[in-house]
Structure formats: C-alpha cells, structure tokens
Ligand SMILES: Cc1cc2nc3c(=O)[nH]c(=O)nc-3n(C[C@H](O)[C@H](O)[C@H](O)COP(=O)(O)O)c2cc1C
C-alpha cells in the first residue's frame, strides 16, 4: 500500500480533477431512493416487463441466469397479506397485525425475485450476487420511469408458506427479496460517505 502522506496527496489531486458525472444515467443512479409511500396509481405491466428485460442483462457468471421474477396479482398479494397478518397476530398481537395489514394493503405493486440455488457454494454466491445486480438494473430502470421501489427482505419471506403460495420450490430457489413498486407519494432521504473515505489507491 502507498504511504498515508502519498495517498492523501494522490487523493487530493484526483478529487481536484474529479467531476461527478452529470449525464442522465448518473442522475438516475444518484437520485434513486427506497420508497416507503406509494400512490394508488397502478404501474403499467409493459413498464414492469421492460424493467425485467433490462434486469436480465446483469452480469452473471457462467451465464447461469439464476433469476426468476414473480409478478404478483391481487389474489397472491391478498394471500401474503393474510398470512403475514396471522403470523403477526400470534407474534405481536391483533393490533400490530391489523396495522401491518392496513399498511401492506396500500402497496400497489408486488414482485418477488428468486435465485436458483447451487450445491457449489461459490456458484451459489455468484448466483446471489448476479440476482442482486439484476435487481439494481430493475430498480434503476423503474426509477428512470418515475416508478419507485422498495427492496424488502423481511424474515416473513422465509416462511415456508410464502414459497408454497407462489409455487416456489424452496429446495432449488432462494427468495432474494420482495420488490414493492409504484409511483412515489413521498420521497425519503439517504446519504453516502464521500469517495475519498471509501477508496484506497494501491501502487
Ligand atoms: C438486500 C437489501 C435488503 C433490504 N431490505 C429492506 C427491508 O427489509 N426494509 C426496508 O425498509 N428497506 C430495505 N432495504 C432498503 C435499504 O434500507 C435502503 O437501500 C437503504 O436505507 C438506503 O436507502 P436508499 O435505497 O434510498 O439509497 C434493503 C436493501 C437491500 C439492498
């Protein structure tokens, strides 16, 4: 590694020359935020399919294309909401369950994304990484169309009844996340550490 002094000098020099990218793509990446409140307005299915079309161009080692995108219709959504409500009722009581049910019932768009498992631990990890890349593609495309998303990984997703409801074969498929989507009702803020704090130059 280069010395702290040289590293600071190099970083100062680079940061002086560094201009954050201004092009549209960078703007989409920088402004995308996890969305917690959605409008009722449904998102056209063509937009969702376009997002999946781009998601699948994510890098994936050995071209395993390990992803499946489950777009949920009202019946499946209802089943998941009811399941979650009954689980929360047992765990935290009726009031908490009712609140969660009311909140989830407001969410206009539901997708669950799965990853093919592999008996090879390295391949398994590569597949998971590839699905995460695909999800970022998907979320960025939707954001470019003013559709917000929230990637949720609640432990609820690991309940066997979730996979059963959606005919997901748990032996071979891992649920990577639930993607809620819709037009944005309120925008949240986020922050990231500056580039010099997260970058190390090696000689
Ligand atoms: C793998 C993964 C799992 C996440 N799970 C949740 C979740 O369960 N609930 C939630 O509110 N946000 C979840 N998020 C969203 C993060 O909290 C969010 O990305 C983070 O706060 C940064 O905000 P930003 O997306 O607006 O930049 C998840 C994000 C990732 C990548």
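Bear in mind that the values in this text are calculations on the coordinates, not laboratory data. Quick caveat, the model's predicted, so the values are computed rather than measured. Note that we place each Cβ from the backbone using ideal geometry, even for glycine, and neighbour counts take in every protein chain shown.
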- Extending each Cα 7 Å along its Cβ direction at residue 95 and residue 65, get the distance between those two points in nm, one decimal. 5.1 nm
- Message: What distance in nm separates the two pseudo spin-label positions at residue 53 and residue 154, each 7 Å out from Cα along the beta-carbon direction?
- Response: 3.2 nm
- Note on the structure: Per GNM of the chain with C-alpha springs under 10 angstrom, the most fluctuating residue out of 37, 65, 91 is 91
- Query: Which percent, nearest 5, of DSSP beta bridges in segment 34-187 are antiparallel?
  - Reply: 95 percent
- Query: Taking Rh as the Kirkwood radius computed over C-alpha pairs, what is the Stokes-Einstein D of the chain at 37 °C in a medium of viscosity 0.692 mPa s, expressed in µm² per second?
  - Reply: 170 µm²/s
- How are the C-alpha pair distances of segment 25-73 spread across 5 Å bins, as whole percents from the shortest bin up? 4, 13, 16, 24, 23, 14, 5, 1, 0
- Message: Tell me the mean residue ellipticity at 222 nm calculated for the chain from its helices only (DSSP H runs of n ≥ 4, each -39500 (n - 2.57), averaged over every residue, nearest 500).
- Response: -15000 deg cm²/dmol
- Note on the structure: Taking a label point 7 Å from the Cα of residue 8 along Cα-to-Cβ, the residues of segment 178-198 whose backbone nitrogen sits under 17 Å from it are 196-198
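Let me have the relative contact order for the chain, percent, based on Cα pairs under 8 Å that are six or more residues apart. Could the numbers behind the result be given before it?
Numbers: 276 pairs, mean separation 71.3, N = 203.
About 35 percent, as a whole number.
Express in nm, to one decimal, how much length is gained between residue 30 and residue 195 on full extension, taking 0.36 nm for each residue of separation and deducting their alpha carbon distance.
Details: separation 165, 0.36 × 165 = 59.40 nm, distance 1.34 nm.
Value of the extension gain: 58.1 nm.
I'm a student and want to see the number: the projected area of the Cα convex hull of segment 78-131, averaged over all directions, in nm². List each step's numbers first, then the result.
Numbers: hull surface 21.4 nm².
Spelled out: convex hull of the Cα atoms, projected over all directions, averaged, 5.3 nm².
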